Every structure is written in structure tokens, then in C-alpha cells.
Amino acid sequence: MGRPSLYDAIRWWIATVAIVETGYEGDGEEYAYDLHMRDYLEELRTRLPGFWAEYIDRCLQPWDERFRAATVEEAEPYLPALRGEPGWWQFRTPRTWNPNLIDQMHAERRREGSGEE
């Protein structure tokens, strides 16, 4: 799969923020991918000229504010930066999230499927 279009990436970030606001249920790998999508948007914002950079800023601004409100700041970034400094979003963790919950659910389903108790 190639990189998403600008519009698809913005929609992805909007959906991620909405999910984080209601209680993130994905695992750590999914969260890393969601943050990577925000990294991608930042890369586009810095590389595209004038109008497009401003357009991306306008689109992201309200969703970034909501993401900040739905997350807590951490001392370390969730993922190291591929280049330069990690974005501020990399230092945020959902207020409502248990990354082990999904792993526990999968383990329970495996046990149920195998007949173990």
C-alpha cells in the first residue's frame, strides 16, 4: 500500500482523534500507525508550498486541539523520530487506553477456542 492522499490522511487523523476521545481500544502497533499518519501530515505540511501548508494547518488545528485534550503528555515520545525531532503528538498517550486490553481479549478468545479454562 502506498501513501494515502492528503485528504485521506486528514480523514484518518480526524477518525483517530474521535476514537481517542471516546476511549482508544487499539493495541500499541495500531496507535503507532495512527501517530505515523500525523507524522506524514506534518511532512506534507512542511514540504508543500504556501496555500497547501496553510490548508493543512487549518484542517489540523481543531483536531490537534481535541487530540491534546483527549491525551496526556509523556516525558518520552511514543516512537523515536525517523528524522529530526519527534512531533508533539508523539509525546501524547490517550487518557482512556489500556494497550494490554486487546492482547488480553485475544488470549481469552484463543483459550475459548481451544477449550482451555
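Points to keep in mind about this one:
- Couplings 3J(HN,Hα) of segment 81-90, computed from phi: 6, 6, 9, x, 8, x, x, 4, 5, 6 Hz, in residue order, whole Hz [Karplus 6.51 cos²θ - 1.76 cosθ + 1.60, θ = phi - 60°; x for Gly and Pro].
- Using the Cβ-Cβ distance between Y55 and W88 with R0 set to 22 Å, the FRET efficiency from 1/(1 + (r/R0)^6) comes to roughly 0.65.
- Rounded, prolate or oblate (a/c below 1.5 giving rounded, otherwise prolate when a/b exceeds b/c) for segment 1-70 by Cα gyration tensor: oblate
- Each residue of segment 61-74 was assigned a 3J(HN,Hα) from its phi angle through the Karplus expression (A = 6.51, B = -1.76, C = 1.60, θ = phi - 60°), giving 3, x, 6, 5, 4, 5, 4, 4, 5, 8, 10, 10, 7, 10 Hz with x at Gly and Pro.
- Ordering N98, A15, L35 by Cα displacement along the dipole of segment 6-114 toward the positive end leaves A15 in first place; charges were set at the Cβ atoms of Lys, Arg (+1) and Asp, Glu (-1).
- Per residue Cα convex hull volume in Å³ - calculated over segment 6-114: 112
- Cα centre as origin, Lys/Arg/Asp/Glu Cβ charges: segment 6-114 dipole, Debye: 180
- A simple packing score, the average count of other Cβ atoms within 10 Å per residue, orders the peptides 73-81, 32-40 as 32-40, 73-81, with the highest score first.
- Peptides 50-63, 10-23, 82-95 ordered by average Cβ neighbours within 10 Å, highest first: 10-23, 82-95, 50-63
We did not get these values from a lab; they are worked out from the coordinates using the rules stated. No experiment lies behind these values; they were computed from the predicted model shown. Methodologically, a virtual Cβ is constructed for each residue, glycine included, from the backbone with ideal geometry; neighbour enumeration extends over all protein chains shown.
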